[in-house]
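Taken together, the values in this text are just the output of simple stated rules run on the coordinates, not laboratory data. Being a predicted model, the structure only gives us computed values, none of them experimental. Heads up, the Cβs are rebuilt from the backbone with ideal geometry, glycines too, and the neighbour counts pull from every protein chain shown.
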């Protein structure tokens, strides 16, 4: 029981020096990668750079205690940072203390929601984010984030919550572009793209292993930061109009309670729910992919608690919403991490940065961070997924398109909600029209198949109907209409057999519909029979009076039913 | 095509004097029943009595043209009238002209919504009102309506939108009860209850047929109106404090456009949607029950259009929302109605009442109408349904209870919405956890059954998994977790076979999950196979690259798969 909620008790018992060595190596690599990301995603969220560092200390330690993934690297990520900026931007002006308070409060609420979902097993809610909706949303968010960073690359003002606003804000400023800033931005992007495309091949040719080459490539953004910061300091670029990060508050994160202002909670509740679910879905999918490679196990309900407490920890230590990051977790995995202890070691690394290194980041150009963000989010844009979905399923594509178009045109919150709403609507629509078939006997056998796909023997007096779905409230009206119409169209029918091998359950609405069908058929002098009802379904039906009121019989097999009600046809089909 | 939208063209062609005679008789009977109901339900909706009559003229004529039910009697009904009072009561004071305008506007919106649902085939939305939720809602509404009429029976003030408000409003007034009013109310209730319980048996003993006896019983409320009006006039009861209906505007309904105030539309849109769906569901279920008795056919999509245009007609002729009424339709049916023409004849009857009879209703006591309403709604309260649902299914009972408790405690709108929300949540929860089983070979056969219910042969190296549900977004994460955990727990496994006889479709999320499972299993050196994939599912899978990337094979039958991957076990099971 205790171990279920504290997985650290599980892996901690066998912790040894081998694991320690591997975890330490991974922690160093991830720390190098996390420094630029923390600073950049804090900027993306509209927060001071140290807030990004705060969000990368305590949450990692907490995840070490509660997390079930051995490899997940928790901390700020791009999509959640943008969602934070949008949610908090509605409440306060960027740079204000209220904005910062709202961001920490958002982390607290988001954490609370995750913990509640974990404790009350509400994780199934996350299932209603379909893959195409997530893919569409992430692609559109990637585009939005990249567009939003353009102002930092161009050295101008102009922001917005959707693509239209961003473009309209940037166009009138185009005359004010700062060329030095643009030069830094483009250089950093070029440098990182080159490294991604070329360095790996070069390193491989130099004899490095694939894993090591990957790790080196992923940690080079820190180089871009070091170089551009040095250049910016050496040539006093800030005097030439290049915006720099400026003074970062040094020292460990401040511990304080989040705001308990009820109005603020009400306003942030919706965004917090979205952030929780999106963050959770992304994080668990990464964790599962990595865990599978080593046949390790992720416990989704416990992951809710782990990510939830990590967010609460972020909030209490002055940070903003966090979750598991894709690129970082892969690097962590490749660097050979063995246990979540690596997260705690990474946290110590980032803590050291906040204490000792912040003064050296004073001259770091904002354009460097923006370029780092742009390169990172370009990998989120996935046109292949759009094409594959279009080919595979038009209704899934419709939900995906809704997520993309509304995210770009109306912002992240409306975007994700319209995608979810459309996919649930399509789901409800489909559920309400189950697959069914009129069946007949396959000549020479006792099997029954659809009369539209096979040449089968039927009787004009007996209607055999197979429904390939549980009978429950979304589809019972459909069932009633169908039986009703078939009987109205075929006046000769004297018996209806419902063949139920595909009926896994019958809820109270299903029962009432069957009662209504039975009563109506009885009034029209038609008997209702059943065949192949599954055991658990039969058990439940016996709790009601339905079987007593049934005008016909319940048969074990469809052949038995058909042979009893249309003996001539059944024998003829057998060729006797 | 034309006949699809105008069913009158269908039955009208064969109209003859026999049908005419039967329709006229039914129309007279229904008119006698509709007069007190129109007046009473207008009072229930908080509207002047003539508005109830207006709602019983043009809507009936329009339904004659568009309706697919031969027997449905459209007009004001109790539940919809209460919902109208609640929706409009939020906007204007009862008795004001704005209140009246809002009620006609509500009818227009509700009609528009129904027509749109019919034209765009959105009828499946109504499926999400499960039977237990409707039953709970109707029972609670019956109690609310009866409680709300108490003030008229007691001759006091005091109204409210939920049971608590009503009780709290009535208690302080209990000292002001008007005894004469109470006497009239109790007498009328007693008279009608006696008639319901005793008259039928008496008439049957006198040699009347069952149908005729039923009709006489259902039309007696008009007698109560005639008698109490006469007494009230004869003894000038209004001078003694008995509230009377007073002057009713005489003449045909005024034809006018509804309000096109956008704010009003916005406020009424939600209630209009609820009224549309509740009204539609109730109406179609009555129509289908009656149609089945004669093997006639109801077209639900066309019923949306018919009820929609009837409501628009009600709005244009100064009426409020209408739908098919249960008791009236049964009487119509029993009286031998043959075609919807009877509705038009009933409309003519009611029109004659509005022109000639309204002066005679001046002295009609309001208590008589209230008593008529109370007796009518008592039949809505169905404790048996609550008990049956409790016995049959606890989760359906939970949704029903939510509808009852919230309707009584917080009013009709919150009541119905909480019931629907809870039943959809339960649905989503169940959908997200499909039934599955590890299967093995039944000794001596080539059949495969669940290893938890049968003694079967399995192999430690091959995991055979049967999922009894389509693979789509609500359950794919469950599938991933399940496969992942089973493989993590059984390190010996080399092959996983997904047995798919119950998989009717695989959406894009399902496909991606299968891809993820395939990739993860491949990383863990486990092959993924399939067996018994259905034809249409296979067709769709071939549009993707999944089958090429699949680490294992696709087998036609589960036995084939097992025999290929675990030949020793399969042969042993066959006893060879």
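Quick notes on this one:
- Our note on the geometry: Cα centres of the stretch B:510-540 and the stretch A:226-264, 48 Å apart.
- Solvent-free Debye scattering, log10 I(q)/I(0), computed from the Cα coordinates of the protein assembly as shown at q = 0.06, 0.07, 0.09 Å⁻¹: -0.62, -0.81, -1.13
- Surface/4 of the Cα convex hull for chain A, nm²: 34.2
- Cβ-to-Cβ counts within 10 Å put B:216, B:29 in ascending order as B:216, B:29, the fewest first.
- Between the Cα long axis of helix A:179-194 and the first principal axis of chain A there is an angle of about 60°, rounded to the nearest 10.
- Förster-model FRET efficiency, 30 Å R0, residue B:391 and residue B:429, C-beta, rounded to 0.05: 0.90
- Rounded to the nearest 500, the helix-only mean residue ellipticity at 222 nm of chain B stands at -19500 deg cm²/dmol, with each DSSP H run of n ≥ 4 adding -39,500 (n - 2.57).
- Here is the P(r) of the stretch B:1-70: all C-alpha pair distances, binned every 5 Å from 0, give 3, 15, 18, 20, 17, 13, 9, 5, 1 in whole percents.
- Residue ranges A:380-389, A:177-186 sort as A:177-186, A:380-389 when ordered by packing (mean number of other C-beta atoms within 10 Å per residue, highest first).
- Shielding by partners - mean other protein chain Cβ count within 10 Å, residues of A:472-479: 6
- Taking a point 7 Å from the Cα of residue A:548 along the Cα-to-Cβ direction, none of the residues of the stretch A:517-531 has its backbone N closer than 11 Å to it.
- Cα-only Debye scattering, the stretch A:436-574: base-10 log of I(q)/I(0) at q = 0.10 Å⁻¹: -0.29
- Averaged over B:119-127, number of beta-carbon atoms from partner chains that fall within 10 Å: 4
- Counting only alpha carbon atoms, the long axis of helix A:341-352 and the longest principal axis of chain A meet at about 30°.
- FRET efficiency for residue B:356 and residue B:247, using Cβ-Cβ distance with R0 set to 22 Å, rounded to 0.05: 0.90
- Look at the stretch B:290-298: the mean tally of other chain Cβ atoms within 10 Å of its residues' Cβ atoms is 6.
- On Cα atoms only, tilt of A:366-378 relative to the major axis of chain A in degrees: 20
- A:390, A:197 arranged by Cβ crowding within 10 Å, fewest neighbours leading: A:197, A:390
- Rg in Å to one decimal, and Dmax rounded to a whole Å, for the stretch A:285-370 via C-alpha atoms: 15.6, 46
- Across identical copies of the chain, residue A:249 has label-point separations of 6.8 nm, listed in ascending order, with the point defined 7 angstrom from Cα along Cα→Cβ.
- With R₀ fixed at 56 Å, the C-beta to C-beta distance from residue B:202 to residue B:409 puts the FRET efficiency at about 0.85.
- Relative contact order for chain A, counting Cα pairs under 8 Å that sit 6 or more residues apart, in percent: 23
- Label-to-label distance, residue A:540 versus residue B:222, with points set 7 angstrom from Cα along the beta-carbon direction: 4.7 nm.
- Sorted from closest to farthest, the other copies place their residue A:175 label points 8.1 nm away, with each point set 7 Å from Cα along Cα→Cβ.
- Nm distances between copies for residue A:262, ranked from closest, using label points 7 Å along Cα→Cβ: 3.4
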